[in-house]
Amino acid sequence: MGIRDLLMEIGATYDATLGTKEVVPAQALLRDVGQHLATAVPVGYKVEGHGGNGNAAETPWIGVFDPRLNEDPKAGLYLAYIFAADLTTVTLTLQQGVTRLSEALGKGGRLRSYLETRAAALLAELPAESVAGWGARPDFKSTVARPLSYEAGSVAARCYDLGALPNEDVLRTDLWHLAEVLQQAAAAEGRVAVETAPSGLQVSYVAKVDHSKPKGLKGFRPKDSGDYVAHIPERTIKKTRDHEDLINRFVAYIGGRGFAAATEHPKDIVLRRDGHEWLVEAKTVKRSNPTSAVREAVGQLFEYSHFLYEGSDGEGNEAAKPHLLALFTEDIKAYAPYLESLGIASVWMTSGGWEGSPSAVTAGLVG
């Protein structure tokens, strides 16, 4: 089930008077949204449906979380599809968590004023081209405190008429775009603070400096290629959930294009077809900034190609070097031509499937 079918089904069957029991069809759908939308959301994202706890919610909603940023709708930033109380519309919104704030500010006007001020400050920090067409304030057709807080807490939003929902491609494109805006908002969040002043709430901006340094491979100093091959399996390589998700999705996809895919530690993926081998390095793009991901992919591809493909075939011929492929969770934009100049093909996920650089198209990896 895609985003469109799911939203339409919930809109058509949700009835708050039926409560939250498992036998209630719309509540069952909300509980299972993680399965229904597993491949519709960006790599690594988590989906949860919310139809109320005990009493059914007047405005049911589906939360879309980036676990690297936040998994708790009570606080922090996240994405949500929120249905209006009359079930005529559903709004995709970049939300601020309200529950923790309500513990300090109450559930009324003071909380909403804080959320509105902070939402406006965050919106002002985002690139204008990213939020063009996303500035509408939601209207959830309710006078209940929680939906009113959702309206006030929305940083960016787009409302859909459930009677005329866009097609699946448009909905996925919108979701993936707002996921990129979420990354930008998370980066800006530390610069924005809302404070109480005699004249009312005021926004202050604080420069945030990250003094952390990446940890290197301490003590790993191979003397030669044999030493490298002997020791690299002992290294602990952290594979995050989104990294594994990217690999699993790509392996499921590439088999349909005639490639045999295997995972051979420490390589992320090895592809084989027609006597040719591809060495694949998969990288997640963090906060929509591909720079680090591209640098890491280049380094590891050349490193593995050098150390893991040295030797001979027993007849004095050097081992054939593999073709190189860098795999990413999203479009790497200007870095694709850069990788091409290095002899590295690139493939990345989009809301509608997979795209890639010219050499990836030529090789039949995408297209």
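The values are calculated or read from the model by the stated rules, or taken from the named source; none is laboratory data. In this text, all values refer to a predicted model and were calculated from it rather than measured experimentally. Neighbour counts are summed over all protein chains in view; Cβ atoms, including those assigned to glycine, are modelled from backbone coordinates with ideal geometry. All accessible areas refer to the heavy atoms of the entire protein, side chains included, with ligands and DNA or RNA removed. Shrake-Rupley method; radii C 1.70, N 1.55, O 1.52, S 1.80 Å.
If you go through the stretch 243-291 and pick out every residue that is without any contact (Cβ under 8 Å) to a residue 40 or more places away in the chain, touching a Pro at 6+ places or on another chain (Cβ under 8 Å) and under 30 Å from ALA179 (Cα atoms), you end up with 0. Within the stretch 308-352, the set of residues being touching a helix residue (DSSP H, G or I) at 6+ places or on another chain (Cβ under 7 Å), among the small types (Gly, Ala, Ser) and modelled with pLDDT under 95 comprises SER351, GLY352. If you check GLY34, GLY11, GLY49 for being open to solvent by less than 60 Å² (accessible area, probe 1.4 Å), part of a strand (DSSP E or B) and not polar (S, T, N, Q), only one passes: GLY49. The set of residues in the stretch 88-100 being open to solvent by 50 Å² or more (accessible area, probe 1.4 Å) and either among the β-branched types (Val, Ile, Thr) or in contact with a helix residue (DSSP H, G or I) (Cβ under 6 Å, 6 or more places away or on another chain) (or both) consists of THR88 alone. Against the list (1) among the acidic types (Asp, Glu); (2) outside any helix (DSSP H, G or I); (3) at pLDDT 60 or above; (4) within 28 Å of LEU122 (Cβ to Cβ), the condition ASP210 fails is (3).
Scan the stretch 261-286 for residues that are charged (D, E, K, R), in contact with a helix residue (DSSP H, G or I) (Cβ under 8 Å, 6 or more places away or on another chain) and open to solvent by 70 Å² or more (accessible area, probe 1.4 Å) and jot them down. Hit for the stretch 261-286 is LYS286, nothing else. Cβ-Cβ distances below 9 Å connect the following pairs, each with a first residue in the stretch 10-28 that is closer than 11 Å to GLY52 by Cα and in contact (Cβ under 8 Å) with a residue 40 or more places away in the chain, a second residue that is of a type in the set (S, T, N, Q) and exposed (fewer than 14 other Cβ atoms within 10 Å of the Cβ), and a separation of six or more residues or different chains: ALA16/ASN55.
Checked against (1) surrounded by 15 or more Cβ atoms within 10 Å (Cβ to Cβ); (2) modelled with pLDDT of 90 or more, ALA28 meets all criteria but (1).
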